[in-house]
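None of the figures in this text is laboratory data; all of them are computed from the coordinates on show. Just so it is clear, the structure is predicted and the values come from calculations on it, not from any experiment. Every residue, glycine as well, gets a Cβ built from its backbone with ideal geometry; the counts of neighbours run over all protein chains shown.
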Amino acid sequence: MVANEWLAGHHADDQRRFTQLLWASLGAHVVLLLGLALAPSPAPPPLPEVLRVDLVAGLPAPPRAGPSKPAPAPAPAPVAKPRPKQVVLPKEAPRAVPKKRKTPPPPARPEPVEYEDAMAQLRNELGEQTPAPAAAPSGASEVSDEELMATTAPGQTGTGGSTLDKDTARWVIATQRHVRNSWVTPPEFLNRGLATIVEVELTALGGVVGTPRVVRPSGGPFFDDNAVRAVLHSAPLPAPPASGTWTFSFSED
Amino acid sequence: MRRSARTLLLLPMIALGWTVPAPAEERPIIEIHPGKEQAFRVAVQVFRDDLRPPDPKRSAALLKAVEEGLDYNGVLLPLAREAFLGPQTTTELAGSRRFDCGDWTQSGANALVEGVIDGGGGEVEVSYRVWDTARCARLKRGTLVRPANELHKLGAALSDQIVEAFTGTRGVADTEIAFISTRLGYREVFVIDADGRNARAATRSPSVKILPDWLPDAGGILYTTYLKSGMPDVFVTSRGRARAGRILRDVLDDYPKYRGVFSPSGDELALVATVGEASDIFRVSRSGKKVKRLTNNGAVIDVAPTWSPDGQQIAFVSDRSGAPQIYVMDREGGDARRITFQSNYSATPAWSPDGRWIAYGVRTQGEFDLYLTDPSGDVNVPLVVHRRNDEHPSWSPDGRKVVFSSDRRGRHDLYVIDVNSQRLQRLTSAARSNTTPAWGPFSDR
């Protein structure tokens with residue numbers, strides 16, 4: 001209302017000139033924005049090595065000793081690997097558009113590494129033993145939570161096949177070793193088939209927030225307590241790829 | 001026009017890289033398997049001593065007893081004092097919170113024990129706290145009282161409490177073992193602390209005693225002795241409410257009774273007696289008013305009963321197959337099945353407190369070894385194998401250890417083996433024979 005009163009007090013020529021200036025300004029903005037949108041991006045940073053992960057095959061379980069243990073089942077026929085998902089790179093912070101942009105050829109992207117090979121390499125780097133290969137469950141196009149917990153290998157993610165970058169795989173193995181060293185397991189806790197699932201809230205630096213939560217008890221309360229104790233005693237953990245909730249499974253094999 | 005304006009507004013945002021955040025990716029499950037560490041580390045402070053008159057050695061003696069008890073139990077091991085980053089001595093008992101847990105975890109301690117000594121009237125009283133350093137939480141608190149001259153047993157009892165705080169099952173450093181020894185000339189019932197200290201006679205009379213077994217409340221020991229008539233009968237030696245002397249006088253009074261074994265509840269006994277051609281097993285109420293014959297196989301010998309922890313089954317030795325072997329039957333005497341097949345002579349079964357195992361002796365090449373089998377007989381594993389005789393196993397009440405007698409040093413002595421670690425410890429070293437041990441139950445004396 002105030003604006004209409006103000007416009008009504010001006011001459012018609014002034015109004016026309018104002019309209020022309022408005023359109024000119026708008027056109028200049030559009031041109032600038034289109035230029036920004038269509039400009040080629042700066043040179044991409046070196047891409048991290050990407051691991052293809054096939055969740056159908058699980059990592060081997062350590063061999064069980066004892067006369068009553070059944071022999072491992074023969075490996076079933078190989079299952080077709082699901083197509084790996086495209087890795088989504090983290091977005092960069094916005095930058096000013098350079099006046100002259102050179103577009104260097106992107107660095108040679110390494111060939112995707114098979115999960116088992118990468119894990120073996122990582123274990124070798126970390127001085128750990130490479131376990132023997134295990135049988136893969138057949139027909140596991142979709143893996144339930146229970147099956148996942150029972151068969152998911154260290155470093156594997158998701159269900160039905162997914163990808164896991166090398167940094168995460170490295171962190172998983174380092175964390176396994178770190179927590180295992182703090183997990184005191186009196187023999188009386190073993191050979192009872194106990195397993196517990198614990199959720200741990202981690203900071204970006206590996207600090208443990210609060211007390212880990214037992215989300216699936218083993219049935220042995222002292223076994224569960226001891227798993228929580230192991231996480232707390234090993235804090236801080238290696239800095240995780242991302243802060244937030246991580247799931248730990250404690251079992252004897 | 002409005003649509004055009006919205007588009008114009010969105011363009012800069014798209015150009016500057018604004019996107020809708022992607023859903024969080026599924027994260028891996030980090031699987032943890034057991035490492036090498038099998039024993040918790042516990043920092044035991046020197047307890048503050050408020051007892052009068054002051055004795056500068058008292059705190060140190062108690063600390064030594066606690067650490068020896070922990071070492072005996074083997075579940076939590078004492079942390080070296082040089083590693084302490086927290087105070088060496090208890091000044092005040094902390095309430096429900098601590099503020100120095102980080103010092104203790106960095107010391108490598110999983111647990112911290114603090115305490116104060118007090119008492120009077122010839123008794124020592126210890127108030128203690130057991131802390132979980134990782135959680136910074138108090139796991140257990142309590143008070144223990146013992147005569148002033150039993151400081152070592154007080155420390156052993158405290159070590160058992162610490163073990164219970166971390167595992168849910170009390171330790172056995174403060175338990176006792178009954179056995180038969182000839183150190184007084186006759187075969188007498190003796191009792192020894194579980195760590196081998198303080199052997200003392202529980203009977204003293206000029207007659208042969210054999211096969212001791214504890215009352216479930218630890219208030220007495222059942223044993224067999226031979227009367228003047230030459231007939232064996234069952235007696236109790238008591239330090240509690242149980243009346244000492246001959247028991248079950250009116251049960252099978254005219255027949256030899258070779259052995260009695262109380263059921264876990266203490267309401268019944270499995271009694272071995274010879275009524276017909278050979279010995280059989282009977283189930284008898286504690287009062288002696290109810291008697292049920294469980295085995296009756298003519299000339300077959302059925303002996304050495306041991307109850308399952310739930311009292312529903314009995315394992316025993318029978319030669320019904322032509323040689324002594326271990327069998328399991330239900331409490332009514334039915335469904336008897338053989339569970340040992342390893343050699344032509346198996347004997348002295350002992351059912352573990354958790355019900356998972358039966359320890360027994362196997363004679364091979366003329367010498368006995370000890371084995372474990374599960375109650376179905378499907379699993380059979382060696383426990384003690386030695387070129388000399390290892391016999392008469394008996395389980396500790398926590399199921400972690402087995403005591404047995406062995407002549408590996410020429411005469412029979414008592415040994416304790418930790419079932420998990422296989423650590424072996426000799427309990428007796430007297431010049432005379434020490435045989436047929438029976439590990440006593442937990443006691444809250």
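Hydrodynamic radius of chain B by the Kirkwood approach over all distinct alpha-carbon pairs: 24.9 Å. Around the Cα centre of segment B:176-324, unit charges on the Cβ atoms of Lys, Arg, Asp and Glu (plus for the first two, minus for the last two) sum to a dipole of about 500 debye. Computed over the Cα atoms of segment B:40-167, the ratio of the radius of gyration to the Kirkwood radius (Rg/Rh) comes to 0.94.
As a length-normalised measure over Cα pairs under 8 Å and 6 or more apart, the relative contact order of segment B:254-364 settles at 17 percent.
Would you mind computing Rg(Cα) / (2.2 N^0.38 Å) for segment B:302-403, counting N as its residues?
Values: Rg = 12.6 Å, N = 102, 2.2 N^0.38 = 12.8 Å.
Output field value: 0.98.
Note on chain B: Lys pairs 8 or more places apart or on different chains, Cα atoms under 20 Å apart, count 10.
Using the crude model of +1 on Lys and Arg Cβ and -1 on Asp and Glu Cβ, and no other charge, please compute the dipole size for chain B relative to its Cα centre, in debye to 20. Intermediate values should be presented prior to the final figure.
Details: 59 positive and 55 negative charges, 64 e Å.
With only Lys, Arg, Asp and Glu charged at Cβ, the dipole is about 300 debye.
Each Lys and Arg contributes +1 and each Asp and Glu -1, all at the Cβ; summed about the Cα centre of segment B:176-439, the dipole is approximately 920 debye. Working from label points 7 Å from Cα in the Cα-to-Cβ sense, the B:Ala201 to B:Ala430 distance is 0.9 nm. Three principal axis extents of segment A:196-253 based on alpha-carbon atoms, in descending order, are 32, 22, 17 Å.
With bins 10 Å wide beginning at 0, the percent of Cα pairs of segment B:26-77 falling in each bin runs 20, 31, 21, 13, 9, 5, 1.
Counting only alpha carbon atoms, the long axis of helix B:2-15 and the longest principal axis of chain B meet at about 70°. For chain B, the relative contact order is 9 percent, taking Cα pairs closer than 8 Å that sit 6 or more residues apart in sequence and dividing their mean separation by the residue count.
With a 10 Å radius around each residue's Cβ, average the other Cβ atoms per peptide and rank B:94-101, B:369-376, highest first. Walk me through the numbers on the way to the answer.
On the way: B:94-101: 13.0, B:369-376: 19.5.
By packing density, highest mean first, the sequence is B:369-376, B:94-101.
Judged by the gyration tensor of its Cα atoms, with axes a ≥ b ≥ c, segment B:368-410 is oblate; a/c meets the 1.5 cut and b/c is at least as large as a/b. For segment B:227-247 versus segment A:212-228, the inter-centroid distance based on Cα atoms is 49 Å.
When chain B is described by a simple charge dipole with +1 on each Lys and Arg Cβ and -1 on each Asp and Glu Cβ, the residue from B:Gly35, B:Thr306, B:Ala173 located farthest towards its positive end is B:Ala173. Taking every DSSP helix (H) stretch of at least 4 residues in chain B, weighting each as -39,500 (n - 2.57) and dividing the sum by the residue count yields a mean residue ellipticity at 222 nm of -4000 deg cm²/dmol. Mean per-residue shielding of peptide A:170-179 is 2, counting Cβ atoms of other chains within 10 Å of each Cβ.
Building the convex hull from the alpha-carbon atoms of segment B:176-439 and averaging its projection over directions returns 13.2 nm².
Would you mind classifying segment B:123-190 by shape? Square roots of the alpha carbon gyration tensor eigenvalues, ordered a ≥ b ≥ c; an a/c under 1.5 is rounded, otherwise it is prolate if a/b is larger than b/c and oblate if not. It comes out oblate by the Cα gyration axes. The length gained by stretching the chain between A:Arg216 and A:Asp167 to full extension, at 0.36 nm per residue less their Cα-Cα distance, is 14.9 nm. When peptides B:107-120, B:198-211 are sorted by average Cβ neighbour count within 10 Å, with the highest value leading, the order is B:107-120, B:198-211.
For peptide A:228-238, how many partner chain Cβ atoms fall within 10 Å of a residue's Cβ, on average? Walk me through the numbers before you get to the answer.
Working: counts 3, 9, 5, 3, 8, 8, 3, 2, 0, 1, 0.
Neighbouring Cβ atoms belonging to other protein chains average 4 per residue here.
Once the Cα atoms are used to define both axes, helix B:151-167 deviates from the longest principal axis of chain B by about 60 degrees.
Give me the inter-chain shielding for A:183-196: mean count of other chain Cβ atoms within 10 Å, whole number please. Can you show the working numbers first?
Values: counts 6, 12, 8, 14, 10, 11, 3, 3, 2, 2, 0, 0, 1, 1.
What the average comes to for A:183-196 is 5.
Considering only B:Ser207, B:Thr225, B:Ile247, and ranking their Cα positions along the charge dipole of segment B:180-251 that arises from unit charges at the beta-carbon of Lys, Arg, Asp and Glu, the one farthest toward the positive end is B:Ser207.
Only one residue of B:Ser343, B:Gly69, B:Ser318 has its Cα farthest out toward the positive end of the dipole of chain B, where Lys and Arg carry +1 and Asp and Glu -1 on Cβ, and that residue is B:Gly69.
No solvent, one uniform scatterer per C-alpha: report log10 I(q)/I(0) for segment B:151-225 via the Debye equation at q = 0.23 1/Å, two decimals. With one equal scatterer per Cα and no solvent, log10 I(q)/I(0) is -1.00.
Along segment B:269-283 the Karplus relation, 6.51 cos²θ - 1.76 cosθ + 1.60 evaluated at θ = phi - 60°, assigns HN-Hα couplings of 10, 8, 10, 9, 8, 9, 9, x, 6, 9, 5, 9, 10, 10, 10 Hz to successive residues, with x for each Gly and Pro.
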